[in-house]
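Here the structure is laid out as structure tokens; the discussion comes afterwards.
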Amino acid sequence: MAEREMEVQEKQELETSEERTEAARYFRPYTDIHESTDTITVTMDMPGVDKKDVDVKLEKDVLTITGHVDLTGYEGLEPVYTEYNVGNYVRSFTISNEVDRDAISAKIDNGVLTVSLPKVKEAAARRITVN
Amino acid sequence: MVMRIADPFSALRALQRAVDERRLSDWLGSATSGYGASPPVNVFRKGDDLILVAEIPGVDKKDLDVRVKGNEVRLTGKKSIDYADDVSIHRRERVAGDFDRTLTLRMEIDPDGVEAEYRNGVLKVFLPRAEKAKPRTVEIN
């Protein structure tokens, strides 16, 4: 697969119609979505997020992924030069019916979250018994 | 503004505000080469020393290289994204490739005291000020 040159990507601040009660800002993680014959995979860059601080939630048809950054180690530091801001991540996706909701799985590795959305096996989904 | 993270609820807000105040300050001047082709970097001061933090998600530790010489820090590495050939891509926002970046700091670094840590996609490099670069109090006779 062709690789693009790495560029400084300006972090995108989250814009949402929902109001948040927390004063801190959220960011939209950069995301790749790709699909194979049996799975849809969502890959997100979430640097600074530990495994225990990721929340993957499916409510109705909306998959919401939230990642909280670990602030340990920032205490007593004075910023002198900054190019990016630190913040929690959140992003939502609407899931179609072809996804097997019970089989969704996620893992995080080196700040990259991978969510696997296996597709429902067609045979099982389409079988209708006629009495 | 030195951050004091005592209250976990306001900690993130305090950090964000402090970082914003320094956003793209001219502290490094034009002394960062390779801007536009590398991961974003923040530099913090802690006492006499500096801490460089860079967001480089998805890089293998062995593909990261940090070199320090005099007052220069060079970060090189490779971020790769591997998807199988038979997949169809719906969305592609993440970037990959080689990066090479050199930052020229305003003080000499003690190369033997440099420590680097890569965790959860964040690289932290602890850069202690060289002994000879530390400020001295001059006695006034």
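The values are calculated or read from the model by the stated rules, or taken from the named source; none is laboratory data. Because the structure is a prediction, the values reported are computed rather than measured. No Cβ is skipped: glycine too gets one built from the backbone with ideal geometry, and neighbour counts run over all protein chains shown.
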Among the residues of segment B:81-115, write down those that are exposed (fewer than 14 other Cβ atoms within 10 Å of the Cβ), in contact with a strand residue (DSSP E or B) (Cβ under 8 Å, 6 or more places away or on another chain) and within 7 Å of chain A (Cβ to nearest Cβ). B:S88, B:I89, B:H90, B:R91
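Please work out if A:T64 is polar (S, T, N, Q), modelled with pLDDT of 90 or more and either surrounded by 12 or more Cβ atoms within 10 Å (Cβ to Cβ) or not in a strand (DSSP E or B) (or both).
yes
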Identify all residues within segment B:118-139 that are touching a Leu at 6+ places or on another chain (Cβ under 8 Å) and either under 13 Å from B:P57 (Cα atoms) or β-branched (V, I, T) (or both); write none if there are none. B:Y118, B:L123, B:K124, B:V125
Among what's in segment B:116-136 and is at pLDDT below 85 and in a loop (DSSP other than H, G, I, E, B), pick the residue that is surrounded by the most Cβ atoms within 10 Å (Cβ to Cβ). B:K134
Out of contact with any helix residue (DSSP H, G or I) (no Cβ under 6 Å at 6 or more places or on another chain) and free of Cβ contacts under 8 Å to residues at least 40 places away in the same chain: is that true of B:E55 in this structure? no
Please indicate, with yes or no, whether at least one residue in segment B:64-73 is assigned to a strand (DSSP E or B), surrounded by 17 or more Cβ atoms within 10 Å (Cβ to Cβ) and touching a residue at least 60 places away in the same chain (Cβ under 8 Å). no
Here is a list: B:S33, B:S38. Which entry is at negative phi, modelled with pLDDT under 75, buried (at least 18 other Cβ atoms within 10 Å of the Cβ) and out of contact with any helix residue (DSSP H, G or I) (no Cβ under 8 Å at 6 or more places or on another chain)? B:S38
